[in-house]
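**Student:** Here it is, the structure in full.
The values are calculated or read from the model by the stated rules, or taken from the named source; none is laboratory data. Keep in mind that what you see is a predicted model, and the values were worked out from it rather than measured. FYI the Cβ positions are ideal-geometry reconstructions off the backbone, even for glycines, and counts take in every protein chain you see. Ligands, DNA and RNA are excluded from the accessible area calculation, which covers all protein heavy atoms including side chains. Shrake-Rupley method; radii C 1.70, N 1.55, O 1.52, S 1.80 Å.
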Amino acid sequence: MARTIELQDHITVGNLAEELAMPVTQLITELMKNGVMATVNESLDYDTVEIILEEMDLDVELKRKSASESDAPTRKKKQYSKDATTRPPVIAVMGHVDHGKTSLLDAIRKADVAASESGGITQHISAYQITHDNRVITFLDTPGHEAFAALREHGALLTDLVVLVVAADDGIKPQTLEAIRFAKKAGVKLIVAANKMDKDGADVNRLYSQLSEHGIMWDGWKDGDTPVQEVSAKTGDGIKELLDMVLLTADVDDLKSDVNIPAEGLIIEAHIEKGRGPMAIALVEGGELKTGDFIVSGSTYARVRNLEDTLGKPLVKAGPSTPVIISGFKELPAFGDEFVTVKNEKEARKVAEITGNQKSKASSRAGSGADLLSIMNRSRDLHQLNIIVKADVQGSLTSVIDSLKSLDTKEVAVRVVSSGIGAINENDAHLALTSGAIVYGFNVELPTSIRQTVNRDKTSVRLYKVIYELIDDVKSELSELLPPEVIETPAGKLKVLAVFKTTKTEVICGGEVTKGKLITPALAKIYRDKELIAEAEVTNLKRGPQEAKEVIEGEQCGISLATTSKLDIKDGDRIEVFTREVVERTL
C-alpha cells in the first residue's frame, strides 16, 4: 500500500528525505540526476516533488495539503523504525530577560552560569544535560534580549517541550509573549515555571489570568491543558516537581529515535577556537555520532576529530538528544544547518561542494539585486554608517547583524562592510581604515598587536559584551547622521499700513497685528496676496515711541526687518512672524 506525503507548497530536501525514510545524500544525488541542484536546507515546490517522486518510481502518493491544515501549528513527526528506542527529551527554557531562566537552570545543574554572563543575559544558546531520577534530560538555555529572537525561535524548533519561565512578581512581558508565539509556531507543548515565588509581590493567580488572555489555560482550570509549576531558583523550591512534570510530559509523548542509522542532527552554534580551529555545538537527533565519522553540514564537512560533551568531557559516541562539541570542520558550519553522516571523505567533499556551488549561485543571483539596491542607496538622501562586526559565535553574529539592520530608515542605514567569527585581526583593521568603518567586537578580543595598529591609524574599535549596549552605540552613531529637524512655530501676522524707510539692509514699516502676537527676536515671511516674496529677520518692535518685546492682536506697531537684499514692501502686504528651531534627531 502506497504511503502518503502531504504538503501545501514547499518542503525542504532534508524534510523530504525524512518523509521518504531515505538518507539525505541519496536524495540529493537523485535530485542531481534529474537536473535539480538543491542543498539539504533548500525548499522544493510541490510540482518539483511530484516529478521527482515519479522519476524515482517510489510507492508514495503525494497529496496537496489545504491552507488551513498547513497553517496549523503542528510539530513535524519523524518516521521511525520498529527498532527505535526511547530518547531523552529536549527542553528549551525561554522567557523574558531577567525573569530567571539561567538562574533556574543554575539551580537545576547546581552550577553558577548566570554570574558569569554579561549583564545577566544569556548571549547565545547553551546546551547541557542533567540526570533526574536516573533519567537524562537535555536543556537548551535561549537568550532573553529582544535582539536574539532568531536564536530563541531556533531553540523552540529544536525541542520537544518549552519551559516558559515567568517571574511571578512581574508577570507577562514582551519576550514572554514572543516565546509563546515561537512555541505555538513550532507546535511544542508548554510548561510554565512561575519563578521568584520567594519574592514579595509574587502573585500566581494574576499570572494565571494573564496567561489566559493569551490563550494559555492553566490545567488546574476546567478544560485547561498547560501545567504551571511554582518555583524559586533562589531557594530551590519546586524544582524537583518541575523536573517530574517534564519527564511525565515526555512519557506521554513517548519520545523515540532510531540509533542504528547514520547520525544526523542540527548545528546549534559555531565558533573558532584558538589552537583548535572551527568548532561546532550540535544536537544529535538520530543515530550515534562517533569520533572519526565523516559529517557534512551545508557547504563544509568534517572528520570528527574530537567529540566532547558541552562541559568538555571527551566522548567516544553520542546518541539522540545529546548536545556535543565537534572539532575537525574544514570551515565554520552555519548556525541552524543540518548535519548528516556520510561514508567517507570523498562523499563528504562531494556533497559539501554541491551545497557550496548552490550557495554561490544563490549569492550571485542576490548580488545582481544587491547591486541595484546599492545604487539606489547611494542617493544623497540616504546616509550610511560603515561598520565591521566580529563576534564569538555564529549565532550571536547573526543576531547582532539582524538587530543592526533593523535600525535602517529611509534616511540612515547600517552598511556591514565585513563580518566574521573570532578576534579582531589585521585585515579588519586595514579594511576599517580604507572604508572608514567602525569595528564592533561582540565578546571578542582586540589583540595587543592589532591595538597598536588601530591606535596608530586612529581607527575606531569598540568592544561589547552586552548586545543592547552595542545596539545603543550604533543607534547613537546613526542618529548623528540624521539631518536635524527644522521646526517653525507661527507667532503672529501683521498687515502693512505704511512703509517708513527702505535701505539695502533694512526696512521699517508700520501696521496692525491681525492675528496672534509679534515678538522679537524672530523671523518674518512677507507675502503679497498669496505669493511669498521674501524672508527677513525681525530686529525691533515699537508700540508708539516705546520699544516692545511683543505686540498683541488688535494693536498697531512699527517693525524693523533686517534683509540681505533690498526689499520692495508695499502697503497691504502681509508679514507673518515666526520662530525657527533646529532640533537634533534621534532614532
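**Student:** Across the stretch 305-345, which residue is nearest to the chain's Cα centre (by Cα) among those that are of a type in the set (A, V, I, L, M, F, W, C) and at pLDDT below 90? Outline the logic, then answer.
**Tutor:** Applying the first criterion (of a type in the set (A, V, I, L, M, F, W, C)) to the stretch 305-345 yields 307, 311, 315-316, 318, 324-326, 329, 332, 334-335, 339-340, 342.
Filter once more, keeping what is at pLDDT below 90: 311, 332, 334-335.
Numbers: Leu311: 27, Leu332: 20, Ala334: 16, Phe335: 13 Å.
Looking at residues that are of a type in the set (A, V, I, L, M, F, W, C) and at pLDDT below 90, I get Phe335.
**Student:** If you don't mind, another one. For the list (1) among the acidic types (Asp, Glu); (2) open to solvent by 40 Å² or more (accessible area, probe 1.4 Å); (3) closer than 25 Å to Glu288 by Cα, I need the number of the one condition that Glu213 fails.
**Tutor:** Exception for Glu213: condition (3).
**Student:** I've got another one for you. For Ser66, which of the numbered conditions (1) at pLDDT below 75; (2) among the small types (Gly, Ala, Ser); (3) at positive phi; (4) open to solvent by less than 60 Å² (accessible area, probe 1.4 Å) fails to hold?
**Tutor:** (3)
**Student:** Return a yes/no flag: does the stretch 223-236 have any residue that is open to solvent by 60 Å² or more (accessible area, probe 1.4 Å) and of a type in the set (Val, Ile, Thr). Walk me through how you get there before you give the answer.
**Tutor:** Initial filter on the stretch 223-236 (open to solvent by 60 Å² or more (accessible area, probe 1.4 Å)): 223, 225, 230, 234-235.
Remaining after also requiring of a type in the set (Val, Ile, Thr): 235.
Yes.
**Student:** I would also like to ask the following. Take the residues of the stretch 137-176 that are at pLDDT 85 or above, aliphatic (A, V, I, L, M) and outside any loop (DSSP other than H, G, I, E, B): which is farthest from Ile401 (Cα to Cα)?
**Tutor:** Across the stretch 137-176, the extreme among qualifying residues is Ile137.
**Student:** Does Asp568 fit the bill of being at pLDDT 95 or above and over 30 Å from His383 (Cα atoms)? It would help to see each step written out before you state the result.
**Tutor:** On the way: at pLDDT 95 or above: no; over 30 Å from His383 (Cα atoms): yes.
Criteria not met by Asp568.
**Student:** Just to be sure before I move on: is Ser118 more than 22 Å from Ser399 (Cβ to Cβ), in contact with a strand residue (DSSP E or B) (Cβ under 9 Å, 6 or more places away or on another chain) and modelled with pLDDT under 55 in the structure I sent?
**Tutor:** No.
**Student:** Going through the stretch 396-432 one residue at a time, which ones are part of a helix (DSSP H, G or I) and surrounded by 16 or more Cβ atoms within 10 Å (Cβ to Cβ)?
**Tutor:** Of the residues in the stretch 396-432, the ones part of a helix (DSSP H, G or I) are 396-405, 426-432.
If the condition is that a residue be part of a helix (DSSP H, G or I) and surrounded by 16 or more Cβ atoms within 10 Å (Cβ to Cβ), then Ser396, Leu397, Thr398, Ser399, Val400, Ile401, Ser403, Leu404, Asp428, Ala429, Leu431, Ala432 are the ones that fit.
**Student:** Cβ-Cβ below 7 Å, separation at least six or inter-chain, first residue in the stretch 345-362 and closer than 17 Å to Gly328 by Cα and basic (Lys, Arg), second open to solvent by less than 50 Å² (accessible area, probe 1.4 Å) and at pLDDT 75 or above: which pairs?
**Tutor:** That search, which allows pairs on different chains as well, returns Arg349/Tyr301.
**Student:** Condition first: hydrophobic (A, V, I, L, M, F, W, C) and free of Cβ contacts under 8 Å to residues at least 24 places away in the same chain. Now tell me which residues in the stretch 430-467 satisfy that. Reasoning before the result, please.
**Tutor:** Taking the stretch 430-467 first, the residues hydrophobic (A, V, I, L, M, F, W, C) are 431-433, 437-439, 442, 444, 446, 450, 454, 461, 463, 466-467.
Leu446, Leu463, listed by residue number.
**Student:** Let me ask something additional. Enumerate the strands (runs of 3 or more DSSP E) found wholly within the stretch 470-587, keeping only those where 2 or more residues are out of contact with any Leu (no Cβ under 9 Å at 6 or more places or on another chain).
**Tutor:** Numbers: elements: 485-502, 506-519, 522-528, 531-543, 550-552, 556-562, 574-583.
Qualifying strands (runs of 3 or more DSSP E): 485-502, 506-519, 522-528, 531-543, 574-583.
**Student:** Something else: Kindly list the number of the only condition in (1) at pLDDT 95 or above; (2) closer than 25 Å to Val583 by Cα that fails for Leu494.
**Tutor:** For Leu494, the exception is condition (2).
**Student:** Kindly provide the set of residues from the stretch 515-550 that are under 13 Å from Ala491 (Cα atoms) and of a type in the set (D, E, K, R), ordered by number. Quick ask: steps written out before the conclusion?
**Tutor:** Going through the stretch 515-550, the residues under 13 Å from Ala491 (Cα atoms) turn out to be 515-525, 538, 549-550.
Passing the criteria: Lys515, Lys517, Lys525, Lys549, Glu550.
**Student:** Please work out which residue is nearest to Gly287 (Cα to Cα), limiting yourself to the stretch 79-100 and to residues that are assigned to a strand (DSSP E or B) and open to solvent by less than 30 Å² (accessible area, probe 1.4 Å).
**Tutor:** Val90
**Student:** Could you look through the stretch 191-210, keep only residues that are within 15 Å of Leu104 (Cβ to Cβ) and free of Cβ contacts under 8 Å to residues at least 60 places away in the same chain, and pick out the one that is most open to solvent (accessible area, probe 1.4 Å)? I'd like the intermediate steps shown before the answer.
**Tutor:** From the stretch 191-210, those within 15 Å of Leu104 (Cβ to Cβ) are 191-199, 202; that's our starting set.
Checking which are free of Cβ contacts under 8 Å to residues at least 60 places away in the same chain leaves us with 191-192, 194, 197-199, 202.
Details: Ile191: 1, Val192: 0, Ala194: 0, Met197: 56, Asp198: 69, Lys199: 93, Ala202: 33 Å².
It comes out as Lys199.
**Student:** Select from the stretch 541-587 the residues that are open to solvent by 100 Å² or more (accessible area, probe 1.4 Å), over 30 Å from Lys475 (Cβ atoms) and polar (S, T, N, Q) and list them in ascending order.
**Tutor:** Within the stretch 541-587, Gln546, Gln556, Thr564 meet the criteria.
**Student:** So Ser297 clears everything in (1) of a type in the set (Gly, Ala, Ser); (2) under 19 Å from Glu347 (Cα atoms); (3) touching a Gly at 6+ places or on another chain (Cβ under 8 Å) except one condition, right? Which one?
**Tutor:** Only one criterion in (1) of a type in the set (Gly, Ala, Ser); (2) under 19 Å from Glu347 (Cα atoms); (3) touching a Gly at 6+ places or on another chain (Cβ under 8 Å) is unmet by Ser297, namely (3).
**Student:** Now for a different question. What number goes with the only condition from (1) at pLDDT below 90; (2) touching a helix residue (DSSP H, G or I) at 6+ places or on another chain (Cβ under 9 Å); (3) open to solvent by 20 Å² or more (accessible area, probe 1.4 Å) that Ile180 does not pass?
**Tutor:** (3)
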